[in-house]
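For reference, the structure discussed in these notes is given below.
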Amino acid sequence: MTNIEKKQVTVRTQKIRKSHIRQKLIFFLVLAWLLILAAVFSDRLCPYDPNAQNLASAMQPPGPSHLMGTDTYGRDMLSRVISGARASIFSTFILVAVISVFGTAVGVLCGYFGGIVDSLMMRISDICLAFPGLVFAMAVAAVLGGGIQNAVIALAVISWPKYSRIARSQTLALKNVPYIHAAILAGDSAGQLMIRHILPNMLGPVLVTAMLDIGTMMMELAGLSFLGLGAQIPTAEWGSMMSTGRSMLQTYPWVVLSPGIAIFLSVVIFNLLGDTVRDYLDPKNSHFGRA
């Protein structure tokens, strides 16, 4: 096989791989959108009122009338799982949005200007990273008190440093490239440089980190709720639902398994979506199909 033929085979292989990655991305995006739509329209999708109690139907196993069974108060588990998607998924999205935007802004400012502010913020991030994440979040949530909002704040306090580190390292690498010097000579201010030139060129790593963080933050929010530091009873939230039914795992397992399966499927979908986005944005794959 000649070099030209080998090159043609390589190009075809790269095209097939790129097409496969694109198909995976579309598939997982569809699954993620289905989860989001289920959370948005949870009120309409619930077959029963998720908070309506019916003691006569308490602890019914999964069956035709209640596909996921009922809990100790006779509430339909399927309705509560669907309703809990709104609190679990939207709280996770808000958390990831806050830590990614704040952490990236801090990292860009510190990387571009440096100095005392850079040293101070990086030492603060070192302190946050020195503690086990969930343990530190538990301490902050305990001080703030229970509630899903306080759980989000607690996790935001300890989760932003990873984004600041990524943004800072990207900024340090980008601010010395030739087109930045050309923009400075053209009269662009520091704010224009950061918004027009630095931020767009670092969105790839930040976006991938945020996508991969969705599953992690969802589990940590559920963990805080499971420990009583997140969503409070009777709010339908997957972590708190598992906490309420944990004593009945051996006798009435569907009370715990229903929200547990919802967490598992959601985390798997968002993790696989994040992995696929990372592959799609990988610079090694950005030139697939070129000779």
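The values are calculated or read from the model by the stated rules, or taken from the named source; none is laboratory data. All figures in this text were calculated on a predicted structure; none of them were measured in a lab. Here the Cβ is made from the backbone with ideal geometry for all residues, glycine too, and neighbour counts use every protein chain on show.
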The listed residue being more than 30 Å from S189 (Cα to Cα), among the small types (G, A, S) and in contact (Cβ under 8 Å) with a residue 24 or more places away in the chain, out of S88, S65, S57, S100: S88
When you go through G74, G115, G111 one by one, which is the residue that is at pLDDT 90 or above and either closer than 30 Å to T171 by Cβ or buried (at least 23 other Cβ atoms within 10 Å of the Cβ) (or both)? G111
Yes or no: segment 124-140 includes at least one residue that is out of contact with any Pro (no Cβ under 6 Å at 6 or more places or on another chain) and hydroxyl-bearing (S, T, Y). no
Is it true that some residue in segment 253-262 is without any contact (Cβ under 8 Å) to a residue 40 or more places away in the chain, surrounded by fewer than 18 Cβ atoms within 10 Å (Cβ to Cβ), over 23 Å from L134 (Cβ atoms) and not small (G, A, S)? yes
For L221, which of the numbered conditions (1) surrounded by 16 or more Cβ atoms within 10 Å (Cβ to Cβ); (2) free of Cβ contacts under 8 Å to residues at least 12 places away in the same chain fails to hold? (2)
Would you tally the residues in segment 200-217 being modelled with pLDDT of 90 or more, among the aliphatic types (A, V, I, L, M) and out of contact with any Lys or Arg (no Cβ under 8 Å at 6 or more places or on another chain)? 5
With the structure loaded, tell me whether G204 is closer than 24 Å to S100 by Cα, surrounded by fewer than 20 Cβ atoms within 10 Å (Cβ to Cβ) and small (G, A, S) or whether it fails that test. yes
So which of S169, S164 is out of contact with any strand residue (DSSP E or B) (no Cβ under 7 Å at 6 or more places or on another chain), within 21 Å of L281 (Cα to Cα), modelled with pLDDT of 90 or more and loosely packed, with under 15 Cβ neighbours inside 10 Å? S169
Which members of segment 227-249 meet the condition of being touching a Lys or Arg at 6+ places or on another chain (Cβ under 8 Å) and at pLDDT 90 or above? M241
On the basis of being farther than 29 Å from T244 by Cβ and in contact with a Ser or Thr (Cβ under 8 Å, 6 or more places away or on another chain), does Y112 make the cut? yes
